[in-house]
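The values are calculated or read from the model by the stated rules, or taken from the named source; none is laboratory data. None of these values were measured; they are calculated from a predicted model. Please note: Cβ atoms are built from the backbone with ideal geometry, for glycine as well, and neighbour counts cover all protein chains shown.
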Amino acid sequence: MRAPQDQVFIVEDDPSMRAALKNLLKSVGLEAQLFASAQEFLADKRPDVPSCLILDVRLPGLSGLELQKELAASNIHIPIIFITAHGDIPMSVRAMKAGAMEFLTKPFRDQDLLDAIQLSLSQDRVRRQTAAELGELEKRLESLTSREREVFPLIISGRSNKEVAVEIGTSEITVKVHRGNLMRKMQAGSFADLLRMATSLKIPYTKV
């Protein structure tokens, strides 16, 4: 169901509910960290691993919905599964519009929660992998010279070395060197690879 490092965080003020959720997750091999309040969760130094958050709506102090808002404002991306004994449609709509993965009303089926957890962890793995790949591309982009950055959008637009040379006012041979350096530094095995990288980096270009 999970990779060994996956982590589920549970923010629930009812001790018996916390214990029940922990036992449920333990029964399927999932590790859980328990918190009695949103403030306790925010103060904790959490491991940087694929994870999700099971969050009660009504909590002492900061509510579950307020915690969701706080995490978003802090640019902390973690899939959230809301649980509540006092849910209503407007509340669930608000939570889902803000990006919650699921909104479960107590009592809920164990399998519904486990399915939501599995989906959340899977989504977080994908997000982390995408972010890591983008971070690597950004490092490669930073290694380019200003001239290489200048020719990047021109090359992926499909212009020939001669056309690029005319546009930036240099020789065709120099552009050829820039193109080679660009491919090498970006670790692009083909023009298609370079185009894919440019798309991920949101480098604007216009096809000729």
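Worth pointing out:
- If the condition is being without any contact (Cβ under 8 Å) to a residue 12 or more places away in the chain and assigned to a loop (DSSP other than H, G, I, E, B), then the stretch 171-204 contributes Ser171, Ala188, Gly189, Ser190, Lys202.
- Residue check, Gln129 exposed (fewer than 14 other Cβ atoms within 10 Å of the Cβ), in a helix (DSSP H, G or I) and assigned by TED's automatic domain parsing to the domain that holds Phe82: yes
- Qualifying residue in the stretch 114-135 (condition: among the acidic types (Asp, Glu) and touching a Ser or Thr at 6+ places or on another chain (Cβ under 9 Å)): yes
- Scanning the stretch 170-208 for residues that are exposed (fewer than 11 other Cβ atoms within 10 Å of the Cβ) and under 13 Å from Ser157 (Cβ atoms) gives Pro204, Thr206, Lys207, Val208.
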